[in-house]
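**Student:** Shown below is the structure under consideration.
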Amino acid sequence: MKHFSDLSIPTAAFSPDGLSAGGDIITRAVISVLVDNESGVLARVVGLFSGRGYNIESLTVAPVEGGGTRSRINIVTSGTPEIIEQIRAQLDRQVPVCRVANLTTLGPHIAREMVLVKVVSTGEARTEALRIAEAFRARAVDTTASSFVFELTGASDKLDSFIELMRPIGLAEVSRTGVAALTRGCRTL
Amino acid sequence: MNATTQTIATQSDASTTLTGAEVLMKVLVDQGVEVVFGYPGGAVLPIYDALFQQDRIRHILVRHEQAAVHAAEAYARSTGRVGVVLVTSGPGATNAVTGLLDALMDSVPVVCLTGQVPVALIGNDAFQEADTTGITRPATKYNYLVKRPEELSRVVNEAFEIARSGRPGPVVVDLPKNITVGPAPYAPPSRTPRASYQPRIEPDRKAVARAVAAMKSAKRPLFYVGGGVINAGKDACADLTRFIHTTGFPCTATLMGLGAFPGSDKQFLGMLGMHGTYEANLATHDCDVLIALGSRFDDRVTGRVDAFSPNSFKIHADIDPSQINKIIRVDVPIVGDAGRIIAMMIEEWDAQTAKTDAKALETWWSRIKAWKALDCLRFTQDQSADAVIKPQQAIKRLYELAVETGRETFVSTEVGQHQMWAAQFFKFESPNHWLTSGGLGTMGYGLPAAVGAQVAHPDALVIDVSGEASALMNIQELGTIAQYRLPVKIFLINNHYMGMVRQWQELLHGSRYSESYSDALPDFVKLAESFHAKGFRATKMSELDDTIRAALAYDGAAVIDICVAEGENCFPMIPSGAAHNEMILGPEQEQQGAEITDEGKMLV
């Protein structure tokens, strides 16, 4: 399985040559933010992105401490190294932000996402859907005579591949969670 | 102390029940608040009732909520304390937004208390309901909606702490009416810091040592000082002045940094940037070590970013880490309080015994003196009695005659040509006396700012240098000035135009003065009289000095209508999108400067 940090290399997803208009290399970054769990914090973080024109590719947020005093926000974003550093710095200065880390540059890390994929198909295509799901270790969490809902967890690009393979078979609907990420080893945020 | 205040104190001592509004009064007193600028309304009536029943906190009734914030900003900036605003829900809060953003952009500590409909009605589109925390989120350093009475004391105390610490800024506390009406527990201020909010004050000594080493080896050094040094306090400014004298280096300042270093000091080159001096801008362009202290490389300062001080080793000290490398890449970033950084620089300077390159410095100063000799602010005023007054002459004489009074003087401005001329012709010898809207450029700032400064310094001379267009943006504050008998002087540079707009239209749009001419101005003398102030007017040179003298000597509020040459423009200037060595000088000098590119037009 590809490690998520592979995504830090320039990718063609952003522009034909992976460059910004100014010729700077565009990278994707996973930024984890530990925040006080209080009203309006997510809006403040998201507002910072929209107000300054930064990109959000995916966003996850949930309480991570007993008692719900702290939440962790994981943001997948993209930009030049300077923009990513500005995003980190702008987040860091927010009052309710306890910690910010760009996991992509911090070191090896694990990033996982979950997806629910609904496939509507009959006949031979159903068998093919099950065969692909098995290869990806996806689980059928709902089955009818004409449909499946598969659950799959893994790196985002693995989810992309799974969805692409299901498309011609009868892909009907997709629901993705966005990325949850942690550094490898004993290091914490 | 009146009976009710005593009651509050007694109740508190006994840990008995107070209303939220009474708790709020106690917390404000704990925070040392003496003045609140505000405007009442339904949602804040319990707070106004609590204000009425105490005598520790004075309330200044403004005529518009935007003005309340500007007045609080000026109160804060002229005193170094937190400015406090109290407005009602809905339109009261939304009217305050411009002021809040102004305070955010210029790093001014303000706590704005907004009324809100009762918690049970929030989200019901109740009368005068607005999503105040949602609307003010991008216009504040932080904001709160107090939903439970037990949060009230902590939140208000925390709001003050956040407003004044780190990079200062505005904080909104939205107070639903049921919170202020109902019982609430009082808690004294706690010194326990919020774990997530830990501004970095202490700089990294290694970074400071690297900076000082670079300064010592510099051949063409330049200090570039911003408002962050003023925010760091008077001691920081005094240390900076001492340090600059020790080094023998030249110093320039941003619009917000004026006064951090004495304006008449021979090492001061004047302001830099779009309307900065020729010598300050060329020194910025040609220096080899740039020491930026508490300045954030605003686009009005940098001009074309890729041509900003292209060959210098750059040191940047700022309390806000997000300012470092945001616009200009620097060689030595230093995060921390400007006062601590300057103090540490002095320690390192003394510890590092190597001497500066005196010969190179002498050569550098001789180049600067040659630039200075151009006298870039020169203008020609026909001195005959009937001559039309030039705006530069009016402001220059205002400065000189204000100095002659020997009084402590605070100057606020509106936004436009008059603001730049005031920045060019006034010399501020100490911090906190120059009150202008730098970051947001808010027309209508100066008049309420003068109110705030005069309330804070009742015996000082407070002058709002204004244009006729800007003055009309918050002219209703003449009512506040009258009600509290504030002897503010409003000095109008009246040219019938939105002067800076006209200047840009001349430069960029073929002199097509689209909607920049005011054809129906009030008679400002009569306007002043209708607000119980005294009106003065000068229309020709023979009247200028006498009018200014009489107005400054007048023991009360004055509106001074100076009718000036309509077509005068503000020079020197860096055309937007151009470099510092591509300035346009005034008609007195040989014209030079870059053609304004399409990209530059977008940066206006």
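**Student:** Considering (1) touching an Asp or Glu at 6+ places or on another chain (Cβ under 9 Å); (2) aliphatic (A, V, I, L, M); (3) more than 14 Å from chain B (Cβ to nearest Cβ), say which one A:Leu182 fails and leave the rest.
**Tutor:** So A:Leu182 meets the others, but not (1).
**Student:** Among the residues that make up segment B:270-277, is at least one of them surrounded by 23 or more Cβ atoms within 10 Å (Cβ to Cβ) and assigned to a helix (DSSP H, G or I)?
**Tutor:** Looking through segment B:270-277, none of the residues is surrounded by 23 or more Cβ atoms within 10 Å (Cβ to Cβ) and assigned to a helix (DSSP H, G or I).
**Student:** Taking the options B:Val301, B:Val289, name whichever one is buried (at least 22 other Cβ atoms within 10 Å of the Cβ) and closer than 22 Å to B:Gly259 by Cα. Break it down stepwise before answering.
**Tutor:** Details: B:Val289 fails: closer than 22 Å to B:Gly259 by Cα.
Result of the check over B:Val301, B:Val289: B:Val301.
**Student:** Do the conditions hold for B:Thr114, that is, is it more than 17 Å from the chain's Cα centre (by Cα) and at pLDDT 95 or above? Before you say what the answer is, go through the steps one by one.
**Tutor:** Working: more than 17 Å from the chain's Cα centre (by Cα): yes; at pLDDT 95 or above: yes.
Against the criterion (more than 17 Å from the chain's Cα centre (by Cα) and at pLDDT 95 or above), B:Thr114 qualifies.
**Student:** I would also like to ask the following. Hey, could you check segment A:39-70 for residues that are touching a Ser or Thr at 6+ places or on another chain (Cβ under 9 Å) and at pLDDT below 90 and say which is farthest from the other protein chains (Cβ to nearest Cβ)?
**Tutor:** Looking at residues that are touching a Ser or Thr at 6+ places or on another chain (Cβ under 9 Å) and at pLDDT below 90, I get A:Glu65.
**Student:** For segment B:199-226, enumerate the residues that are out of contact with any strand residue (DSSP E or B) (no Cβ under 9 Å at 6 or more places or on another chain) and over 23 Å from B:Asp288 (Cα atoms).
**Tutor:** Answer for segment B:199-226, where residues must be out of contact with any strand residue (DSSP E or B) (no Cβ under 9 Å at 6 or more places or on another chain) and over 23 Å from B:Asp288 (Cα atoms): B:Pro199, B:Ile201, B:Glu202.
**Student:** Has segment B:510-526 got at least one residue that is outside any loop (DSSP other than H, G, I, E, B) and out of contact with any strand residue (DSSP E or B) (no Cβ under 8 Å at 6 or more places or on another chain)?
**Tutor:** Kept after step one, since they are outside any loop (DSSP other than H, G, I, E, B), are these residues of segment B:510-526: B:517, B:524-526.
So of that shortlist, the ones also out of contact with any strand residue (DSSP E or B) (no Cβ under 8 Å at 6 or more places or on another chain) come out as none.
So far as segment B:510-526 goes, no, none of its residues is outside any loop (DSSP other than H, G, I, E, B) and out of contact with any strand residue (DSSP E or B) (no Cβ under 8 Å at 6 or more places or on another chain).
**Student:** Can you name the helices (runs of 4 or more DSSP H) wholly within segment B:118-220 that have at least 3 residues being of a type in the set (A, V, I, L, M) and more than 11 Å from chain A (Cβ to nearest Cβ)? Before the answer, list the steps.
**Tutor:** On the way: elements: B:132-136, B:152-164, B:177-181, B:205-216.
Because the criterion is at least 3 residues that are of a type in the set (A, V, I, L, M) and more than 11 Å from chain A (Cβ to nearest Cβ), the helices (runs of 4 or more DSSP H) in segment B:118-220 that meet it are B:205-216.
**Student:** Looking at the structure I just gave you, is A:Leu152 more than 14 Å from chain B (Cβ to nearest Cβ), in contact with an Asp or Glu (Cβ under 7 Å, 6 or more places away or on another chain) and aliphatic (A, V, I, L, M)? Quick ask: steps written out before the conclusion?
**Tutor:** Details: more than 14 Å from chain B (Cβ to nearest Cβ): yes; in contact with an Asp or Glu (Cβ under 7 Å, 6 or more places away or on another chain): no; aliphatic (A, V, I, L, M): yes.
So A:Leu152 does not fit the description; no.
**Student:** Yes or no: segment B:551-573 includes at least one residue that is in a helix (DSSP H, G or I), at pLDDT 95 or above and more than 21 Å from B:Ala423 (Cβ to Cβ).
**Tutor:** Let us first name the residues in segment B:551-573 that are in a helix (DSSP H, G or I), namely B:551-553.
Those left that are additionally at pLDDT 95 or above: B:551-553.
This time we only want the ones that are more than 21 Å from B:Ala423 (Cβ to Cβ), so: B:551, B:553.
Looking through segment B:551-573, at least one residue is in a helix (DSSP H, G or I), at pLDDT 95 or above and more than 21 Å from B:Ala423 (Cβ to Cβ).
**Student:** As an exercise: evaluate B:Gly257 against (1) part of a helix (DSSP H, G or I); (2) out of contact with any His (no Cβ under 8 Å at 6 or more places or on another chain); (3) farther than 20 Å from B:Arg378 by Cα and give the number of the one condition it does not meet.
**Tutor:** Of the numbered conditions (1) part of a helix (DSSP H, G or I); (2) out of contact with any His (no Cβ under 8 Å at 6 or more places or on another chain); (3) farther than 20 Å from B:Arg378 by Cα, the odd one out for B:Gly257 is (1).
**Student:** To continue, here is another question. Which members of segment B:253-274 meet the condition of being modelled with pLDDT under 95 and of a type outside the set (A, V, I, L, M)?
**Tutor:** Correct list: B:Gly273 only.
**Student:** Okay, next question. Give the residues of segment B:363-406 that are assigned to a helix (DSSP H, G or I), basic (Lys, Arg) and under 20 Å from B:Leu269 (Cβ atoms), sorted by residue number. Spell out the reasoning first.
**Tutor:** Restricting attention to segment B:363-406, the residues satisfying the condition of being assigned to a helix (DSSP H, G or I) are B:363-372, B:391-405.
Now narrow it down to the ones that are basic (Lys, Arg): B:367, B:369, B:372, B:396-397.
Result: B:Arg367, B:Lys369, B:Lys372, B:Lys396.
**Student:** Okay, next question. If a residue has to be in contact with a Phe, Trp or Tyr (Cβ under 9 Å, 6 or more places away or on another chain) and surrounded by fewer than 18 Cβ atoms within 10 Å (Cβ to Cβ) to count, how many in segment B:358-370 make the cut?
**Tutor:** Counting residues in segment B:358-370 that are in contact with a Phe, Trp or Tyr (Cβ under 9 Å, 6 or more places away or on another chain) and surrounded by fewer than 18 Cβ atoms within 10 Å (Cβ to Cβ) gives 0.
**Student:** Regarding B:Asn95, is this residue surrounded by fewer than 24 Cβ atoms within 10 Å (Cβ to Cβ) and modelled with pLDDT under 95?
**Tutor:** On the way: surrounded by fewer than 24 Cβ atoms within 10 Å (Cβ to Cβ): yes; modelled with pLDDT under 95: no.
So B:Asn95 fails the test.
**Student:** Also, quick follow-up: Criterion first (hydroxyl-bearing (Ser, Thr, Tyr) and buried (at least 18 other Cβ atoms within 10 Å of the Cβ)) does B:Thr79 satisfy it? Spell out how you get there, then give the answer.
**Tutor:** On the way: hydroxyl-bearing (Ser, Thr, Tyr): yes; buried (at least 18 other Cβ atoms within 10 Å of the Cβ): no.
Taking the combined requirement at face value, the residue does not satisfy it.
**Student:** Collect the residues in segment B:457-467 that are surrounded by 22 or more Cβ atoms within 10 Å (Cβ to Cβ) and in contact (Cβ under 8 Å) with a residue 60 or more places away in the chain, keeping them in residue-number order.
**Tutor:** Initial filter on segment B:457-467 (surrounded by 22 or more Cβ atoms within 10 Å (Cβ to Cβ)): B:462-467.
Scanning segment B:457-467 gives B:Ile463, B:Val465.
**Student:** What is the residue count in segment A:75-100 for residues that are within 14 Å of chain B (Cβ to nearest Cβ) and in contact (Cβ under 8 Å) with a residue 40 or more places away in the chain? Steps first, answer last, please.
**Tutor:** Going residue by residue through segment A:75-100, those that are within 14 Å of chain B (Cβ to nearest Cβ) are A:79-100.
Next cut, in contact (Cβ under 8 Å) with a residue 40 or more places away in the chain only: A:79-82, A:84, A:87-88, A:90-91, A:94, A:96-100.
Within segment A:75-100, residues that are within 14 Å of chain B (Cβ to nearest Cβ) and in contact (Cβ under 8 Å) with a residue 40 or more places away in the chain number 15.
**Student:** Test each condition in (1) hydrophobic (A, V, I, L, M, F, W, C); (2) touching a Phe, Trp or Tyr at 6+ places or on another chain (Cβ under 7 Å); (3) surrounded by fewer than 20 Cβ atoms within 10 Å (Cβ to Cβ) for A:Ile87 and report the one that comes out false.
**Tutor:** Single failed check for A:Ile87: (3).
**Student:** Further question on the same structure: When residues of segment B:244-259 are filtered for being in contact with a helix residue (DSSP H, G or I) (Cβ under 6 Å, 6 or more places away or on another chain) and hydroxyl-bearing (Ser, Thr, Tyr), how many remain?
**Tutor:** Of the residues in that region, 2 qualify.
**Student:** While we're looking at this one, here's another question. Conditions: (1) in contact (Cβ under 8 Å) with a residue 24 or more places away in the chain; (2) loosely packed, with under 13 Cβ neighbours inside 10 Å; (3) at positive phi. A:Gly53 meets all but one. Number of the miss?
**Tutor:** It is condition (1) that A:Gly53 fails.
**Student:** Criterion first (among the β-branched types (Val, Ile, Thr), away from chain B (no Cβ under 14 Å) and under 19 Å from A:Ala181 (Cα atoms)) does A:Ile110 satisfy it? Walk me through it before giving the result.
**Tutor:** On the way: among the β-branched types (Val, Ile, Thr): yes; away from chain B (no Cβ under 14 Å): yes; under 19 Å from A:Ala181 (Cα atoms): yes.
Here the answer is yes, as A:Ile110 does meet what is asked.
**Student:** So B:Gln476 clears everything in (1) buried (at least 22 other Cβ atoms within 10 Å of the Cβ); (2) in a helix (DSSP H, G or I) except one condition, right? Which one?
**Tutor:** (1)
The values are calculated or read from the model by the stated rules, or taken from the named source; none is laboratory data. Not measured: the values here are computed from a predicted model. Backbone-built Cβ (ideal geometry, glycine too); neighbour counts: all protein chains shown.
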